[in-house]
Amino acid sequence: MTEQNPFAPPSELADASLAQPQTGNSVGLKMYVPNHVAVAAFIGSPIAGAWLLGANFEALGRPGARSKALALGFIATVAIFALAFALPEGTPNSIVPLAYTFALRELARWQQGKDIERVLASGGTKHSGWRVAGLGLLFMVITVSIAVGAYVAFAPDE
């Protein structure tokens, strides 16, 4: 007679939140790699990179982390626009985009790198670079439209 551990989780519920990548077969699962996150962020602002991070979290079965990534991406985008207006005249235009691009790439490596490698090694694939560029452009249009609209709405009359 074998004794069961009363503290062990039921086998069908163990690691349920990570079920997809843990099965060893990730065929059909598509992921955005850290360089995809960087490209989308560079083209479309931090919210675009956060969107890709969130999509990865969703694919990995972590929807709570997706919501957190999107919220932080939105906050970072607003902060970047505020910083852009506060920078002194003559500051190189490329400093801020390069800083958040590399920061988001490293964040993706840190938070999802091992999971992405595991998925790709077990049959998953990467999303297309064209898809990443298209999403970056879409987010660029959205953020610029919102920024121009906010400027027009709140700019002092001259």
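Bear in mind these aren't lab numbers, they're just calculated from the coordinates by the rules spelled out. None of the values given here were measured: they were computed from a predicted structure. Every residue, glycine among them, receives a Cβ derived from its backbone with ideal geometry; neighbour counts consider all protein chains shown.
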**Request:** Can you put 119, 141 in order of Cβ neighbours within 10 angstrom, beginning with the fewest?
**Result:** 141, 119
**FRET efficiency for residue 75 and residue 27, using Cβ-Cβ distance with R0 set to 30 Å, rounded to 0.05** = 0.25
**Request:** Using R₀ = 25 Å, calculate the FRET efficiency as 1/(1 + (r/R₀)^6) where r is the Cβ-Cβ separation of residue 114 and residue 35; round to 0.05.
**Result:** 0.95
**Complete:** quick shape note, segment 29-153: Cα extents on principal axes in Å, largest first -> 50, 27, 26
**Prompt:** Which of the peptides 46-53, 92-99 is most tightly packed, and how do the rest follow, judged by the mean count of other Cβ atoms within 10 Å per residue?
**Reply:** 46-53, 92-99
**Message:** Could you work out how much longer the chain between residue 87 and residue 142 gets when fully extended? Use 0.36 nm per residue separation minus the Cα distance between them, nm to one decimal.
**Reply:** 17.5 nm
**Request:** Measure off 7 Å from each Cα along the Cα-to-Cβ vector at residue 151 and residue 94, then give the distance between these two points in nanometres to one decimal.
**Result:** 2.2 nm
**Prompt:** Once you sort the root eigenvalues of the Cα gyration tensor of segment 26-99 as a ≥ b ≥ c, which label holds: rounded (a/c under 1.5), prolate (a/b larger than b/c) or oblate (the other case)?
**Reply:** oblate
